[in-house]
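Data block below; observations after.
The values are calculated or read from the model by the stated rules, or taken from the named source; none is laboratory data. What you see is a predicted model, and the numbers here were worked out from it, not measured in a lab. Note that each Cβ is placed from the backbone with ideal geometry, even for glycine, and that neighbours are counted across all protein chains shown. Only protein heavy atoms, including side chains, enter the accessible area calculation; ligands, DNA and RNA are left aside. Shrake-Rupley method; radii C 1.70, N 1.55, O 1.52, S 1.80 Å.
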Amino acid sequence: MNSDWYEAELSRRLAMIESPAHDDPAQADLPRADRILLAVGVVVVVVAMWLWGYPA
C-alpha cells in the first residue's frame with residue numbers, strides 16, 4: 001500500500017471527524033427510554049446472577 005495515499009486518507013478522515021459540522025449518527029446520544037431500559041436490564045441481569053450464585 002502506498003504510504004503517501006495512506007497519510008492523505010488518514011488526514012482527510014481526521015479532518016472530517018474533527019470538523020464541528022460533522023454529524024455522526026453513531027455518536028449521537030441514546031434516547032432517554034433506551035438508557036432507562038438498559039439500566040433496568042443491567043439491574044435485572046445482575047440480580048438474577050446474584051440469586052443464581054447464592055440460592056436461598
Do we find a residue being over 20 Å from the mean Cα position of the chain (by Cα), acidic (Asp, Glu) and either at pLDDT below 90 or assigned to a helix (DSSP H, G or I) (or both) anywhere in region 15-24?
no
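Suppose we filter SER3, SER11 for residues that are surrounded by 10 or more Cβ atoms within 10 Å (Cβ to Cβ) and either acidic (Asp, Glu) or out of contact with any helix residue (DSSP H, G or I) (no Cβ under 8 Å at 6 or more places or on another chain) (or both); which single one remains?
Working: SER3 fails: surrounded by 10 or more Cβ atoms within 10 Å (Cβ to Cβ).
Answer to the check: SER11.
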When region 27-56 is checked residue by residue, the ones that are open to solvent by 90 Å² or more (accessible area, probe 1.4 Å) and under 17 Å from the mean Cα position of the chain (by Cα) are GLN27, ASP29, LEU30, ARG32, ARG35, ILE36, LEU37, LEU38
